[in-house]
1. Could you please let me know if residue 98 is hydrophobic (A, V, I, L, M, F, W, C), over 17 Å from residue 57 (Cβ atoms) and in contact (Cβ under 8 Å) with a residue 24 or more places away in the chain?
2. If you check 96, 106, which single one turns out to be open to solvent by less than 40 Å² (accessible area, probe 1.4 Å) and polar (S, T, N, Q)?
3. For segment 267-289, how many residues meet the condition of being under 17 Å from residue 314 (Cα atoms) and either open to solvent by less than 20 Å² (accessible area, probe 1.4 Å) or of a type in the set (Asp, Glu) (or both)?
4. Give segment 195-226 a look and list any residue that's within 18 Å of the chain's Cα centre (by Cα) and open to solvent by 20 Å² or more (accessible area, probe 1.4 Å), or say none.
5. Just the residues that are among the small types (Gly, Ala, Ser), assigned to a helix (DSSP H, G or I) and surrounded by 18 or more Cβ atoms within 10 Å (Cβ to Cβ), please, taken from segment 36-80.
6. Kindly indicate whether residue 8 is in contact (Cβ under 8 Å) with a residue 40 or more places away in the chain, small (Gly, Ala, Ser), surrounded by fewer than 20 Cβ atoms within 10 Å (Cβ to Cβ) and not in a loop (DSSP other than H, G, I, E, B).
7. Every residue in segment 329-363 that is open to solvent by less than 10 Å² (accessible area, probe 1.4 Å) and under 20 Å from residue 49 (Cβ atoms), please.
8. With the structure loaded, tell me whether residue 242 is within 21 Å of residue 349 (Cβ to Cβ) and in contact with a strand residue (DSSP E or B) (Cβ under 9 Å, 6 or more places away or on another chain) or whether it fails that test.
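The values are calculated or read from the model by the stated rules, or taken from the named source; none is laboratory data. Keep in mind that this is a model prediction, so the values were computed, not measured. For neighbour counting, all protein chains shown are included, and Cβ atoms are generated from backbone atoms with ideal geometry for every residue, glycine included. Quick note on the areas: whole protein, heavy atoms, side chains included, nothing else; ligands and nucleic acids left out. Shrake-Rupley method; radii C 1.70, N 1.55, O 1.52, S 1.80 Å.
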Amino acid sequence: MDRIRQTALLILADIDEKGSYINLLIDEKCRKEKITGRDAAFLSELVRGTVRNRGYLDYIISRYSKIKLKKISVLIKNILRMGLYQIFFMDKVPSSAAVNESVALSKRYGHASASGFVNALLRSALRGGEVELPEDEAEALSVKYSYPLWMTKRFISDFGFERAESIMKAGNGKPETVIRANTLKISADALFERLNGNAIAKDGNMITLRNSGSVSEIEGFDEGLFTVQAKPFEKTAELLELSPGMTVLDACAAPGGKTTYIAQLMEDKGEIFACDIYEHKLKLIEDAAERLSVHIIRTHLHDASKINEELLDRCDRVLLDVPCSGTGIIRRRPDIKWNRQEDEEFSDLQKKILEAQAKCLKAGGILVYSTCSIDKRENEEVIKAFLKDNKEFKLMPFADGDKGYKTWYPDSDGTDGAFICRMKKDN
């Protein structure tokens, strides 16, 4: 039985049963099992691809199985999904290998008849080929691009059918790997040269990689020469207009990518208060700061929806990268499609965080609010409600956002989806 496929299966089961983060699980398993190189790349593709196309794969299963999908155990269901993904989406994997390895897994993780069930279904699907989509337009879009039906309908309502399809298709794309040069140690130009053929583009301090595999395996990672920073989120730090010696609050800081960039732009001079509600996430910030040789970050356990009395009117700059639905980063985190619920509500929490943490900003200071969502209810509507009740704050236009804010979309901007808003507090 293939060790890599077995590891992939256990990751998929964790995502289903525990709602675990796909990126963290893959990285953790690769470190623990010492999976590197091509094996790590295959594992990542198999897991991400299966999760990305889960809706379509489940639709195929439902067409060939006499057992209802909800009655199939989590492990057997994911063995079938993995097998079908290899058959229909991974050209370099022979179909015979996909079937045989799936059967081998089912013998270990299923009951006595499971292997026969898995073998029969995969071979039937292999003979039958692609399945016909539902007649209903929303249902067809949901199956084709593997999004929950409720999310598909919401996209159609917000953007119209054609744009919704464009966004969903882009959300199923494979994201590029972008790193940020740590200019406390090396210039972006020097890092670009050092990466040789692995780097294909440079934009300011951001470098796009050709084929990274595991970023932690790239030369220079352990030296702290760079860190991962997906675009356009570098702008959240850049729009703060930072200078050495400032006092800055990053109120929802984990895992620390934006926090360490703030320190970098301040030349590691000044003071940064990095807060999070979870203790274990503060450790991620501290580890990132240590690897990048950043010394001005002070981590604090704090609920951002509550006023931070110690920092009232004390900060020159405030960054609020608030909790959100994550609908802009589905291409990077396909598990978001299946971990989100239709009745989940983020805007109330976002408003509370904005109201509470804005009180930490000095007069004349700059506040940046951001999400990785493309939902206007979490973005423009939150900002408009805040400005209505806080007249001392004014929108502060920037190059990409002449209104003082902008939404980036994966289909039209070729980046992760994001919303960034900049405001200034009157003197």
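1. On the way: hydrophobic (A, V, I, L, M, F, W, C): yes; over 17 Å from residue 57 (Cβ atoms): no; in contact (Cβ under 8 Å) with a residue 24 or more places away in the chain: yes.
No, not satisfied.
2. Numbers: 96 fails: open to solvent by less than 40 Å² (accessible area, probe 1.4 Å).
Just one listed residue meets the conditions, 106.
3. 5
4. 208, 212, 213, 214, 215, 216 - these are the residues of segment 195-226 that are within 18 Å of the chain's Cα centre (by Cα) and open to solvent by 20 Å² or more (accessible area, probe 1.4 Å).
5. Here is the first cut: in segment 36-80, the residues among the small types (Gly, Ala, Ser) are 37, 40-41, 44, 49, 55, 62, 65, 73.
Remaining after also requiring assigned to a helix (DSSP H, G or I): 37, 40-41, 44, 49, 55, 62.
Matches in segment 36-80: 40, 44, 49, 55.
6. Working: in contact (Cβ under 8 Å) with a residue 40 or more places away in the chain: yes; small (Gly, Ala, Ser): yes; surrounded by fewer than 20 Cβ atoms within 10 Å (Cβ to Cβ): no; not in a loop (DSSP other than H, G, I, E, B): yes.
No; evaluated as a whole, the condition is false for this residue.
7. Quick first cut of segment 329-363, residues open to solvent by less than 10 Å² (accessible area, probe 1.4 Å) only: 330, 334-337, 350, 353-354, 356-358, 360-361.
Passing the criteria: 330, 334, 335, 336, 337.
8. Working: within 21 Å of residue 349 (Cβ to Cβ): no; in contact with a strand residue (DSSP E or B) (Cβ under 9 Å, 6 or more places away or on another chain): yes.
Taking the combined requirement at face value, the residue does not satisfy it.
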